[in-house]
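Following: one structure in structure tokens, then a few remarks.
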Amino acid sequence: MDGATRLEAFKALAQIKDSSLLELAESLSRDSEESIRKEAGKIIAELRPNDAVGRWTRILENGTLGERQNALSELAKLDAVDGIIGEWMERLIEGRVPPELWLDVLEAANLRPALKALVRRFNDRLDQGSVLDRYRETLEGGDSGLGRKIFMERADASCVRCHKIGNEGGDVGPNLAGIGLRQTREYLLESLVAPNAKIAPGFESVALTMKNGSLHAGTVKQEATEQIVLNSPEEGLLTLRKTEIAEQQRGISGMPEGFGQLLSKRDLRDLVEFLTSLK
Ligand code: HEC
């Protein structure tokens, strides 16, 4: 049985609440498959609520990345964990938390009203004017499988309507095949939350007023010292001499603004991980 099938079988068994469930969960908490270890951990925490805090805390220190992220979100739901999560916030502020866990620590702390001041202290250290700083916790630690799902299936994001990866998808934006080789995580995140900061080559739109009074608008296909090649929806490919241009207005990105608000930070982190994986 593959991991996904075993996980489903285990979840179904857990519904029956058989007396041997705890034993089964204990043994599966050492399974080779991370998703199964996570599910086993949840069940043990439910069956043994008194041990749950200690258990999640140990996993948080020693688990794999996915298990540590999961431990933080499970811990945040329990009582009397302000101390532990507060300690992780302190570590975050001191720069002692790996970037893949930043978002998880912040999300856990945001669920605890007592930790408001610590969250504020962390945010105060960032440059709130910088887009990348405001979204820095989404740069690393995402789940590329979930990111792919958002890219391909989420109707409100509709990435695939405008972008191809390989052969599937739309042509409004650049083909993203191999983008993980060409661009950094910072660049990819910025493309999502501030598309106008940098425009992909071949997708800059421009409106030109020529000295003879004529107007041309389209995307810049090529630009050299003497001339500019414009792809205009009305006029097709145009080669224009730069000396003939009276005025030039840069257009905005064809990539919609607002994904920073539309998508959660988790979604953004998963998308960055997915885009980075396109090699
Ligand atoms: C309405 C069409 C449209 C949608 C929807 C759209 N994009 Fe874009 N995207 C564009 C265009 C046009 C560009 C090129 C202009 C630019 O770089 O800003 C672009 C640029 C990008 C780039 C930079 C590519 C490069 O080579 O520099 C990335 C990465 C990207 N989009 C990812 C996404 C993701 C992920 C989604 C879904 C959350 C998405 N886009 C949704 C149109 C779209």
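The values are calculated or read from the model by the stated rules, or taken from the named source; none is laboratory data. All of these numbers come straight from a predicted model, not from anything done at the bench. Heads up, the Cβs are rebuilt from the backbone with ideal geometry, glycines too, and the neighbour counts pull from every protein chain shown. Surface accessibility is based on the protein's heavy atoms, side chains included, excluding ligands, DNA and RNA. Shrake-Rupley method; radii C 1.70, N 1.55, O 1.52, S 1.80 Å.
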> Between Rg and the Kirkwood Rh of the stretch 6-163, both from Cα atoms, what is the Rg to Rh ratio?
Replying inline: 1.03
> So which residue, out of 117, 155, 224, gets the largest mean-square fluctuation from a GNM of the chain using Cα contacts under 10 Å as springs?
Replying inline: 224
> Between residue 15 and residue 186, what is the spin-label point distance in nm, taking each point 7 Å from the Cα along the Cα→C-beta axis?
Replying inline: 4.9
> Please identify the GluC sites (Glu not before Pro) of the stretch 38-128 that satisfy two criteria: DSSP loop assignment and at most 11 other Cβ atoms within 10 Å. Which are they?
Replying inline: 94
> Taking the Cβ of residue 207 as the center, what net charge do the other residues with Cβ under 9 Å away carry, scoring Lys and Arg +1 and Asp and Glu -1?
Replying inline: 0
> Sorted by accessible area (1.4 Å probe), largest first, how do 136, 241 line up?
Replying inline: 241, 136
> Any idea which of 10, 102, 35 is furthest toward the positive side of the dipole for the stretch 1-130, if Lys and Arg beta-carbons carry +1 and Asp and Glu beta-carbons -1?
Replying inline: 102
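Need the full-extension length gain, residue 246 to residue 155, defined as separation in residues times 0.36 nm minus the C-alpha distance. One decimal, nm.
Between residue 246 and residue 155, full extension yields an extra 28.5 nm.
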> Net charge near residue 19, counting Lys/Arg +1 and Asp/Glu -1 over other residues with Cβ under 15 Å of its Cβ?
Replying inline: -2
> Computed over the Cα atoms of the chain, what is the convex hull's projected area averaged over all directions, in nm²?
Replying inline: 19.2
> GNM on the chain, C-alpha springs below 10 Å: top fluctuator among 143, 104, 31?
Replying inline: 31
> Highest GNM mean-square fluctuation, the chain, Cα pairs closer than 10 Å: which of 21, 115, 139?
Replying inline: 21
>> Are there any GluC sites (Glu not before Pro) in the stretch 193-279 that are in a DSSP loop and have at most 13 other Cβ atoms within 10 Å? List them by number.
In response: 226, 234, 235, 257
>> Can you give me the accessible area per residue for the chain, using a 1.4 Å probe, in Å²?
In response: 55
> Can you give the calculated 222 nm mean residue ellipticity of the chain, where each DSSP H run of n ≥ 4 adds -39,500 (n - 2.57) and the sum is split over every residue, rounded to the nearest 500 deg cm²/dmol?
Replying inline: -14000 deg cm²/dmol
> Compactness ratio of the stretch 205-250: Cα Rg over 2.2 N^0.38 Å, N = residue count?
Replying inline: 0.99
> For the stretch 67-194, which whole percent of the accessible surface, found with a 1.4 angstrom probe, sits on carbon and sulfur atoms?
Replying inline: 50
>> Compute the helix-to-body angle for 265-276: its Cα long axis versus the longest principal axis of the chain, expressed 0 to 90° and rounded to tens.
In response: 70
